[in-house]
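Heads up: the structure comes next, in structure tokens.
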Amino acid sequence: RSYQIRRIDNKYFILSSVDLQEHELRILYQVPVQSITRAPAPLLVVFITAVILNIILLLLGFFLLSKAITKPIKTLAGAMSKIRTRDFQTIAVPVRPDVIGRLIETYNLMITEIQTLIHRIVEEQKEKRRLELAALQEQIKPHFLYNTLDTVSALALQGKSQEVFKL
């Protein structure tokens, strides 16, 4: 087997030969280099179409992937910004098995715990106020009794036995 590139009439050709010794034959053929290097027009159109289609599908895939990643993050960030206004709401999104899903799950647990603590504090404050009021009422009872007995003793000292009897 042998290959050569030759110039014939200002055109380049690939000359190739194959020896078949068992038959004592030599096969020679020549192919214009231009026919090998230039792609046929239909094949070129198919190739360019495939490249353009692959680029479009790749861009679409990148867009969908980035949206699948950024949408839950934006939802989480929006919910977190609402905490400043004391809007403690959990995020209702489908469960995801990735890091973003764990972040959202942890955020929801945190919000639930905050809501529980706020409810507990409110109930404790109500109970504290009720106990303080009861304590004040208990303090008023002896004072009221003392004032009543003081009035009775003052009337008795003044000799107003009829009014002491009414009290």
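Descriptive notes on the structure:
- Per residue, the chain exposes an accessible area of 87 Å² to a 1.4 Å probe, with every protein chain left in place.
- For the chain, a Gaussian network of Cα nodes joined below 10 Å ranks GLN115, GLN139, GLN21 by mean-square fluctuation, and the top entry is GLN21.
- Within the listed set ALA154, ALA50, ALA134, the Gaussian network model of the chain (springs between alpha-carbon atoms below 10 Å) gives the highest mean-square fluctuation for ALA154.
- Within the accessible surface of the stretch 44-94, defined with a 1.4 Å probe on protein heavy atoms only, the carbon and sulfur portion equals 75 percent.
- Folded to 0 to 90 degrees: helix 41-82 orientation relative to the chain principal axis, Cα: 10 degrees
- From the coordinates shown, Cα extents along the principal axes in Å corresponds to which of [x] 97, 32, 27; [y] 161, 34, 21; [z] 47, 42, 31: [y]
- The helix-based estimate of mean residue ellipticity at 222 nm for the chain, built from -39,500 (n - 2.57) per DSSP H run of four or more residues and divided by its residue count, is -24000 deg cm²/dmol to the nearest 500.
- If only the Cβ of Lys and Arg carry +1 and only the Cβ of Asp and Glu carry -1, the dipole of the stretch 1-148 around its Cα centre is close to 500 debye.
- Simple label model, 7 Å out from Cα along Cβ direction - LEU157 to LEU57, nm: 10.8 nm
- Cβ-Cβ distance of LYS141 and HIS119, R₀ of 35 Å, FRET efficiency by 1/(1 + (r/R0)^6): the value works out to about 0.55.
- GNM flexibility winner over the chain from LEU64, LEU149, LEU25 (Cα, springs under 10 Å): LEU25
The values are calculated or read from the model by the stated rules, or taken from the named source; none is laboratory data. Since we're looking at a predicted model, the values are computed, not measured. Glycine gets a Cβ as well: all are built from the backbone with ideal geometry, and neighbour counts include every protein chain shown. Ligands, DNA and RNA are stripped out before the accessible areas are found, and what is left, the full protein with its side chains, is counted by its heavy atoms. Shrake-Rupley method; radii C 1.70, N 1.55, O 1.52, S 1.80 Å.
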